[in-house]
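**Student:** This structure is in structure tokens; I'll ask about it shortly.
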Amino acid sequence: MLLAVLIANSEGNILVERFNGVPPEERLHWRSFLVKLGADNLRGVKNEELLVANHKSVYIVYTVLGDVSIFVVGKDEYDELALAEAIFVITAALKDVCGKPPTERLFLDKYGKICLCLDEIVWKGMLENTDKDRIKRLIRLKPPTEF
Amino acid sequence: MAESSGTTLMDLITSDGSSSKPPSASSTTAAPPIDSGANIMAPGPPVPMTVERRSKKGTLMQIQSDTISAAKAAFNPVRANIMPQKQRKKPVSYAQLARSIHELAASSDQKSSQRQLVHHVFPKLAVYNSVDPSLAPSLLMLDQQCEDRTVLRYVYYYLARILSDSGSQGLNPGGGIPTPNWDALADIDAGGGVTRADVVPRVVDRLSSEALNEEVEFHPRRLQALKALTYAPSSNLEILSKLYEIVFSILDKVAEPQKRKKGIFGTKGGDKESIIRGNLQYAALSALRRLPLDPGNPAFLHRAVQGVLFSDPVAVRHSLEILSELATKDPYAVAMALGKHVQPGGALQDVLHLHDVLARIALAKLCHTVSRARALDERPDVKSQFNSVLYQLLLDPSERVCFEAILCVLGKFDHMERSEERAAGWYRLSREILKLPDSPSVKDLSSEEKDAVPPKASKDKSSKIRRPQPLIKLVMRRLESSFRSFSRPVLHAAARVVQEMGKSRAAAFALGLQDIDEAAEVNTFSEKNDSYDPDINPTAPSEGIRRVPSISSGMGSKDTVASLLASLMEVVRTTVACECVYVRAMVIKALIWMQSPHDSFDELESIIASELSDPSWPATLLNDILLTLHARFKATPDMAVTLLEIARVFATKVPGKIDADVLQLLWKTCLVGAGPDGKHTALEAVTIVLDLPPPQPGSISGLTSIDKVSASDPKSALALQRLVQAAVWFLGENANYAASEYAWESATPPGTALMMLDADKMVAAASSRNPTLAGALTRLQRCAFSGSWEIRIIAAQALTTMAIRSGEPYRLQIYEFLHTLAQGGVQSQFSDMHTSNGEDQGASGTGLGSLISPMLKVLDEMYSAQDELIKEMRNHDNAKKEWTDEELKKLYETHERLLDLVSLFCYVPRAKYLPLGPTSAKLIDIYRTRHNISASTGLNDPAVATGISDLMYETSKSRVSDLIYETTKTKSAEPDDLDDDLVNFWAANLGDDGAPAMNRVNEFLAGAGTDAPDVEEENIISRPSMSYDDMWAKTLLETTEMEEYDARSSGSSSPDSIGSVETSISSHFGGMNYPSLFSSKPSSNVSSQSKERQSGSRYSAYEAPGSPIREEPPPYSSPDHQRYESFENPLAGSGSQSFEERRPSSSNPQFGSALYDFTAGGDDELNLTAGEELEIEDEVDGWFYVKKKRPGRDGKMAGLVPVLYVSTS
């Protein structure tokens, strides 16, 4: 299960969060844990360099892209490498939507589209589409394979 | 943006610099700013976006009336009243956005309203991640009327949000900013409100009809409608069955394989029809994947199998995932249904080259499940086909897939795998050979799909790796290259794979699997068992795994498993240098798992020691490693001592960060698992903590030395102290177990022979008889004197536990020691013997007097009751009387009373424990049998009930049955199965609720733990340990219950009492007479004493020479007996010197009287008749040389008599 996707700005304010199968009372902990993890480790990290953490049997992969940091949390089949795949898809989609590693402003300007992208990437706790062109088509209400 | 800390996400979004907007500054002041950071910290009351400050209910009302009026407006297009200015106002509230949707949905001006929706309303609304049901009508209206694709995409997005279950209090299942609580909102005005229940059916109906719409123009919408439908709650059976219906009806039309060449993903060329088909296949399988599995349904399986052939790679992935899940339920059906897909050239072989990592992962799982299925034991051909595919995945270019394949080979599938499976996994990995089948599809695809497989890997495949290879070599090479990666997830995962390898290897060794000699050359394994020649039958189905004579020996290498492992571990160890602490933790876990019991663990220990010196380690990770030690122990109990040594590093290096409960549990389980030979060493390894010098605040020297305590801050110092307390408690609780010394173990009074000896000989004999117990006793005695106050308390309690559980002479030894401790006068003498821990221990005493008194009282009562019993028995024997029922009753009551008393201090097995000594067993049994009293009241034992002790936890049955055998010699009436029951009960108790640490360990072993992490730094200080704190609390409680003791001990608590120290020591340490025991308790047992004792009872052992039952204490000055040597150990140095001086000279003869009849056994011995007056000349080794006043019947005047038989006066 891909438990969470979370995108925060450089100050640790959460811009986007998508939880799957995480009870509401635990989300607060996850938020603060992830934000703290980012604050502790993401300084000076290159764009898209992947960092890893785990908590018990839950894996966390996170990175920085432009002004935003991206966290993905998963368990079972979504181990650190599967999460690395997922975060790769997310960063690719973000860059695609924003045209470059986003500034916070750019990210917010494209907020709606980004939400639609995430909707195509993570579907009920499972990674769905991984191809950025396909995602691009789907958020424009085009079929995954065009004729 | 820069000062966004005081603004909301909505502020951030709406404050964009688009031209037509007014400056955001004015508007941010208009609205109450909600910090998204504040939302993070406290997702308190929702509805943050309303402009006015009102009560919550008012706000809700406002939103509701806003939305409802807007909804009404929306349904009445005539009254449509578009206010474009509204959207310009920023930041916008949810209510404003909702109103805009209603208005724009009803707008006649499609173009502008669409623009508004796409650019302003929908993106901002996305902040909430969800919308309320009242928007559904407008959304549905847009869905019907609007043609703009982007608007429609958003509509599907929001309809899906409405369908998905929303949590209470406005918390969406998916997170995001809390939205108003729709249902509560609807309740306010049930008449006009729109609830989920109202709109969900309409939404479902609409989406369902769209999902079934076959018009070509509608195709993309159809896919999105189906997708949105899957968000409907699966708890609703009606919707669920509708969904199944839709999905299967689509699959009915598109799933059947076509004759034509199927389209290949990524290539343009398929005709429109087949593309639509492919898209529908994808959408249907994706939806099916989100629906609950239906294992018994043949249609489900059938469609999933067909999915493997679909052209869409994501569809193939979903079908494989479904199949791998189905395979865990019914592997036979899945394997049969897949049929020839698995054969060379089949669809599953094609998946090997599918450009979808997740699909290949699912393939690995599927192959693993089928190839290991018991249900397929009769189809080895099928199993080996799947196995072949699995082994080929070891060559996969993606690390994720390769690692999954390795884990599958190793037998790790979920957390439930059995150790046989893991052991077999290690066997497979270290023994089997991969031979790629010469499938044509490999070549074709690898040339065709340049995109799919990195070209380098394809080349590898087609050239080099074609030759048969031992799996272990492949895997080792792959792992070594992964460990050179710069990617942290890859490093982490690789270390995890090594850890799993270690688990399987440990299982293989634990099960004593034959033929896992790691020194054998890997290339030669197969030669013996090779059953058929590959050249004869090159396309044999099981080609992938057959064992072929090694062709790769041409490489000239003589690799053994051991050498391959050694080189891998070298790479693993260097990974400890990784910057990321999580990777390092995983590496350490891997090292722990790869450690075998007979290797030297110096390297591992020093790695851990130096790692722990790094303050950046989070407590949770350290505890994880501690739990790994648990797991490692469970796999290989032989490693108990090694693991304890490693655990010691944790105890000394990071006492403040580790969970003391978990550490204690590790101690305990290791101790239990160490076996008879290792128990002593195991106990030593634990208690070595006690020998550590106290932490020196501020010292940073020797950070990497594991023998130095690094508790540089007060927090850790405190934690260390707690740990030492825990160790002391542990020692007291388990010393008897480790030493296999139980008062109730033997039917003969253990002290009988020993008590005959001289005191110092007794101690010597005691320690030679049981060095473990003697060692523990010594340590505890030292702790009772030299530790901090808390530690002294625990030490005294631990000693009491030991006294109660041990036979003589240990009990007596402790009894005397406690006595001294209660007086406390000696403290000052010893305080400077040890490095002070900085605590002012005061000039006066141990301060433990009041605590120890109840403990002493229990022992007193036991001793005096024993005396009385012996006396009674003698009386009965002499008078040749049977015991009357009345007398037995009295005896039994005393027995029970003492049992209760003892049980308050520590756990003892009630059915066995005999506070009155072994002689009482027979009488108590008689009484029990006569009155039909079951001995199994032990389950109500307060100690058991409160879970204080689990002494017998996991005791091997053999030991228990030995014990039964021994005890049944004297207690035949006792039910034999009782002990097992008790043991089980304790074990179960421990596992179920008793120990939080146990839960943690079990959780860890089961791989649980998706709960959110705690980030509070304060939590890293170790919690007070449950068990010994409980005990502490209990003791405090009892102290008040048993208030009869007097406060004598306070007498020595003034500084000037030092002068009397020596006297009081000697009186106690020479204290065969227990001078003060009853001096202040005039009444209780005095009447029972009698000097007219009958001889003949060999059970007089419990009587110390000079019975405790004595009206008047002898004067302190009478230097009669010398038992002080027993305390040389704890009071080493100057302390014992002073006793030495007290050794009596034999110049002054003493007088005494014979207590019992004694028959001389040798020429130099003297017959005694009870009551005879004697003059004691000398004492040698437990014997008095005495002279009688007049010659006895045999005419002898002088000779040797046992000390015990003489009462000195």
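The values are calculated or read from the model by the stated rules, or taken from the named source; none is laboratory data. Predicted model, so just to flag it, every value in this text is computed and none were measured. Please note: Cβ atoms are built from the backbone with ideal geometry, for glycine as well, and neighbour counts cover all protein chains shown.
**Student:** Residues of the stretch B:101-152 being under 15 Å from B:Val203 (Cβ atoms), within 14 Å of chain A (Cβ to nearest Cβ) and under 49 Å from the mean Cα position of the chain (by Cα), which ones?
**Tutor:** If the condition is that a residue be under 15 Å from B:Val203 (Cβ atoms), within 14 Å of chain A (Cβ to nearest Cβ) and under 49 Å from the mean Cα position of the chain (by Cα), then B:Ser130, B:Val131 are the ones that fit.
**Student:** Hey, another quick one. Considering only the stretch B:288-307, state which residues are surrounded by fewer than 24 Cβ atoms within 10 Å (Cβ to Cβ) and of a type in the set (A, V, I, L, M, F, W, C).
**Tutor:** B:Leu291, B:Leu293, B:Ala299, B:Phe300, B:Leu301, B:Val305, listed by residue number.
**Student:** Between a residue in the stretch A:130-147 that is farther than 17 Å from B:Pro123 by Cβ and facing chain B (nearest Cβ under 7 Å) and any residue that is assigned to a loop (DSSP other than H, G, I, E, B) and modelled with pLDDT under 90, which pairs come within a Cβ distance under 6 Å, given they are 6 or more apart or on different chains?
**Tutor:** Final answer for the pair search is none.
**Student:** Let me ask something additional. Has the stretch B:593-608 got at least one residue that is over 15 Å from B:Ala647 (Cα atoms), at pLDDT 85 or above and within 14 Å of chain A (Cβ to nearest Cβ)?
**Tutor:** Checked against the condition, which is being over 15 Å from B:Ala647 (Cα atoms), at pLDDT 85 or above and within 14 Å of chain A (Cβ to nearest Cβ), the stretch B:593-608 yields no hits at all.
**Student:** From the list A:Gly44, A:Gly21, A:Gly12, which one is touching a helix residue (DSSP H, G or I) at 6+ places or on another chain (Cβ under 9 Å), assigned to a loop (DSSP other than H, G, I, E, B) and farther than 23 Å from B:Cys402 by Cβ?
**Tutor:** Sole residue among the options that is touching a helix residue (DSSP H, G or I) at 6+ places or on another chain (Cβ under 9 Å), assigned to a loop (DSSP other than H, G, I, E, B) and farther than 23 Å from B:Cys402 by Cβ: A:Gly12.
**Student:** Give me the residue from the stretch B:1140-1190 that is of a type in the set (A, V, I, L, M) and modelled with pLDDT of 80 or more and, out of that set, farthest from B:Val1206 (Cα to Cα).
**Tutor:** B:Leu1166
**Student:** Can you name every residue in the stretch B:211-239 that is within 25 Å of B:Asp148 (Cβ to Cβ) and without any contact (Cβ under 8 Å) to a residue 60 or more places away in the chain?
**Tutor:** Selection gives B:Ala211, B:Leu212, B:Asn213, B:Glu214, B:Glu215, B:Glu217, B:Phe218.
**Student:** Which condition number in (1) modelled with pLDDT of 95 or more; (2) facing another protein chain (nearest Cβ under 8 Å) is the one that A:Thr63 fails?
**Tutor:** Checking A:Thr63 against (1) modelled with pLDDT of 95 or more; (2) facing another protein chain (nearest Cβ under 8 Å), the one that fails is (2).
**Student:** When residues of the stretch B:344-393 are filtered for being touching a Ser or Thr at 6+ places or on another chain (Cβ under 8 Å) and away from every other protein chain (no Cβ under 14 Å), how many remain?
**Tutor:** Residues meeting the conditions: 15.
**Student:** Which residues, counting only those in the stretch A:75-118, are of a type in the set (Asp, Glu) and within 11 Å of chain B (Cβ to nearest Cβ)?
**Tutor:** A:Asp76, A:Glu77, A:Asp79, A:Glu80, A:Glu85, A:Glu104, A:Asp109
**Student:** Report, ordered by the first and then the second residue, all pairs with beta carbons closer than 6 Å, sequence separation of six or more or different chains, a first member in the stretch B:1184-1201 that is part of a loop (DSSP other than H, G, I, E, B), and a second member that is acidic (Asp, Glu).
**Tutor:** What qualifies is B:Lys1189/B:Glu1173.
**Student:** Okay, next question. Is it the case, given these coordinates, that B:Ser274 is surrounded by fewer than 22 Cβ atoms within 10 Å (Cβ to Cβ), among the small types (Gly, Ala, Ser), within 14 Å of chain A (Cβ to nearest Cβ) and in contact (Cβ under 8 Å) with a residue 24 or more places away in the chain?
**Tutor:** For B:Ser274, the condition - surrounded by fewer than 22 Cβ atoms within 10 Å (Cβ to Cβ), among the small types (Gly, Ala, Ser), within 14 Å of chain A (Cβ to nearest Cβ) and in contact (Cβ under 8 Å) with a residue 24 or more places away in the chain - is met.
**Student:** Also, quick follow-up: Of all residues in the stretch B:153-164, which are more than 9 Å from chain A (Cβ to nearest Cβ) and in contact (Cβ under 8 Å) with a residue 60 or more places away in the chain?
**Tutor:** In the first step, residues of the stretch B:153-164 are kept if they are more than 9 Å from chain A (Cβ to nearest Cβ); the result is B:155, B:158-159, B:161-163.
Those that are more than 9 Å from chain A (Cβ to nearest Cβ) and in contact (Cβ under 8 Å) with a residue 60 or more places away in the chain: B:Leu159, B:Arg161, B:Leu163.
**Student:** Also: Listed residues B:Ala327, B:Ala333, B:Ala337; which is among the small types (Gly, Ala, Ser), in contact (Cβ under 8 Å) with a residue 12 or more places away in the chain and crowded, with 21+ Cβ neighbours inside 10 Å?
**Tutor:** B:Ala327
**Student:** Based on what the data block shows, is A:Leu94 touching a Phe, Trp or Tyr at 6+ places or on another chain (Cβ under 7 Å) and either of a type outside the set (D, E, K, R) or under 23 Å from A:Cys115 (Cβ atoms) (or both)? First the steps, then the outcome.
**Tutor:** On the way: touching a Phe, Trp or Tyr at 6+ places or on another chain (Cβ under 7 Å): no; either of a type outside the set (D, E, K, R) or under 23 Å from A:Cys115 (Cβ atoms) (or both): yes.
For A:Leu94, the condition - touching a Phe, Trp or Tyr at 6+ places or on another chain (Cβ under 7 Å) and either of a type outside the set (D, E, K, R) or under 23 Å from A:Cys115 (Cβ atoms) (or both) - is not met.
**Student:** Would you mind finding the one in B:Leu703, B:Leu757 that is at pLDDT below 75, part of a loop (DSSP other than H, G, I, E, B) and under 18 Å from B:Leu812 (Cα atoms)?
**Tutor:** B:Leu757
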